[in-house]
1. Restricting the search to segment 112-121, which residues are over 18 Å from P140 (Cβ atoms) and touching a strand residue (DSSP E or B) at 6+ places or on another chain (Cβ under 8 Å)?
2. Can you tell me which residue within segment 57-82, out of those that are part of a loop (DSSP other than H, G, I, E, B) and charged (D, E, K, R), is farthest from D208 (Cα to Cα)?
3. Could you list, in sequence order, all residues of segment 45-54 that are in contact with a helix residue (DSSP H, G or I) (Cβ under 7 Å, 6 or more places away or on another chain) and either within 28 Å of F180 (Cα to Cα) or buried (at least 16 other Cβ atoms within 10 Å of the Cβ) (or both)?
4. Among (1) small (G, A, S); (2) more than 25 Å from I120 (Cα to Cα); (3) modelled with pLDDT of 95 or more, which single condition is G17 missing?
5. Please work out which residue is surrounded by the most Cβ atoms within 10 Å (Cβ to Cβ), limiting yourself to segment 160-188 and to residues that are more than 21 Å from the chain's Cα centre (by Cα) and outside any helix (DSSP H, G or I).
6. Have a look at I94, I115, I131, I57 and point out the one that is crowded, with 22+ Cβ neighbours inside 10 Å and in contact with a Lys or Arg (Cβ under 9 Å, 6 or more places away or on another chain).
7. Would you call L148 aliphatic (A, V, I, L, M) and farther than 16 Å from G218 by Cβ?
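The values are calculated or read from the model by the stated rules, or taken from the named source; none is laboratory data. None of these values were measured; they are calculated from a predicted model. Cβ placement follows ideal geometry from the backbone for every residue including glycine, while neighbour counts extend to all protein chains displayed.
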Amino acid sequence: MKYMKVLLVALLILMSGCAKEKDKVIINENGINTVVMGEKEMEWFRFGNEDGPKVVILPGVSLKSVMGSKDAIISAYSYLAEDYDVYLFERIRILPGKYDITDMAEDTLRAVKAIGLKEINVMGVSMGGMIALQMAILDPETVKSIMLCSTAARVYDPTVLENWKTLAEERNLPELMQAFGEDVYSPSFFEQYKDIILASGDGAMEQDYMNFIISLKGILSFDCYDRLKDIKCPALVIGASEDKILSKWGSIELAAGLQCDSFIYEGYGHGVYDEAPDYLTHIKAFLDQLEK
């Protein structure tokens, strides 16, 4: 019996030493907060009506973190923030060599739970929409609804994404930002905001390039079409007729697979979420209907 007690104590000590460290939430004065999940760190910020339903925004792929555009994002989403408690999550700061959309979804769900969110409405833009789809598949109890913007369940034509990947691998910043702007936005919008779009890549570090390339690989390998039937939560799909990256057919196929409402803008490209002045009215109408 004595030896059994010793063995039990030793086992408890071993299990305690191997126990998973609790995720840590760091709130910063500048409003850009961090969830520390072991060796991974994910940044996020919050704005809007703290008493309102929870909306999580997942941005698309970009060379640099969108956290530097925090104030501009808050201003752009002020219409939604009147009634909703809004959170924007980035990807983890340092992406491992192999890191696909499922990995991104798992880490985002972990971060969401670390800050205490339970039932969330997820608005995913481009790659963020792919992450939202995977989150809904992995954890239907946490994901209350999904709003899928300029995204798809799979990539049909990889030409644009492969070109971005090649330019990033070559560290050809001028051509990469030029291609990014021309591919994402309509000609008139790109011309109007060309200087700002091109300058958004200034100061890109080696880790930025690595994260960008790994993210593109994740998009290119993503395919959840056969799992769309498993998503039961309310969904909304918004696409654009001139989307050069994931195409309007990606949005049409997505809406058909989810059997949900959709809206396809005519004459806009992939970046319709930045260009169409009434874009958020569709998002808010969808959310308002859920709350009735």
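1. Kept after step one, since they are over 18 Å from P140 (Cβ atoms), are these residues of segment 112-121: 114-116.
Hits for segment 112-121 are A114, I115.
2. E82
3. Restricting attention to segment 45-54, the residues satisfying the condition of being in contact with a helix residue (DSSP H, G or I) (Cβ under 7 Å, 6 or more places away or on another chain) are 45, 47-49, 53.
Result: F45, F47, G48, P53.
4. Only one criterion in (1) small (G, A, S); (2) more than 25 Å from I120 (Cα to Cα); (3) modelled with pLDDT of 95 or more is unmet by G17, namely (3).
5. S186
6. On the way: I94 fails: crowded, with 22+ Cβ neighbours inside 10 Å; I115 fails: crowded, with 22+ Cβ neighbours inside 10 Å; I57 fails: in contact with a Lys or Arg (Cβ under 9 Å, 6 or more places away or on another chain).
Answer to the selection: I131.
7. yes
Listed here are the residues, each with its yes/no results for (1) surrounded by fewer than 20 Cβ atoms within 10 Å (Cβ to Cβ); (2) in contact (Cβ under 8 Å) with a residue 40 or more places away in the chain.
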site	(1), (2)
K194	yes, no
F222	no, yes
R227	yes, yes
K232	yes, yes
G239	no, yes
I245	no, yes
L280	yes, yes
L290	yes, yes
